[in-house]
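Below: one structure, written as structure tokens.
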Amino acid sequence: MKALDTPVLLDLLRGSPEARHLVRGLGNEELATTELNLWELTALAYGDKRGGIEHRLAALDRLRRKLTVLPFDNKSAAASLRALANSRTGRPSPVTALIVATLEGHGCSHWVTTPEAVPQGLPPGLKVEKYVKKKTHHGK
């Protein structure tokens, strides 16, 4: 199972060719995300002052139906506590720590995220696939 992090999901929602290409390249892999990632996207949708909240929430609902959504539950909490007990390096943000614990708690093998989002001290069973969006000639 490969989990998509918030920046990847956000690019998918925006119609990024790189994100669509990445997902197509994953083939028959089971794609997942966490309830926490979807919470982040919902918060971004509500925080966008341009309007169109109904459109954004509908897009999130369609995305949710296409992915396995992993909950933060007892398995996730146990993984989180193990990580805290074994941590010898800097700690990631609380939300990132909970996302990683959710992935580990549910046996996720890969996490697709941006290079800057990768924290130190990931669980040994969680492999990272770095998602890098190409810059356009406009620098975006």
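The values are calculated or read from the model by the stated rules, or taken from the named source; none is laboratory data. Source: prediction; values computed, not measured. Heads up, the Cβs are rebuilt from the backbone with ideal geometry, glycines too, and the neighbour counts pull from every protein chain shown.
Odds and ends about this structure:
- Strands (runs of 3 or more DSSP E) contained entirely in the stretch 24-128, each with at least 1 residues that are surrounded by 11 or more Cβ atoms within 10 Å (Cβ to Cβ), in contact with a Lys or Arg (Cβ under 8 Å, 6 or more places away or on another chain) and not hydroxyl-bearing (Ser, Thr, Tyr): 31-34, 110-113
- In the stretch 35-61, the residues that are within 23 Å of SER76 (Cα to Cα) reach residues that are in a loop (DSSP other than H, G, I, E, B) with C-beta atoms within less than 8 angstrom, at least six apart or across chains, in these pairs: GLU35/PRO71; GLU35/PHE72; LEU36/PHE72; ASN37/ASP5.
- Output for the stretch 71-94, where each listed residue is at pLDDT 85 or above and touching an Asp or Glu at 6+ places or on another chain (Cβ under 7 Å): PRO71, PHE72
- When ARG14 is tested against (1) closer than 23 Å to GLU129 by Cβ; (2) modelled with pLDDT under 95; (3) surrounded by 11 or more Cβ atoms within 10 Å (Cβ to Cβ), exactly one condition is not met: (3).
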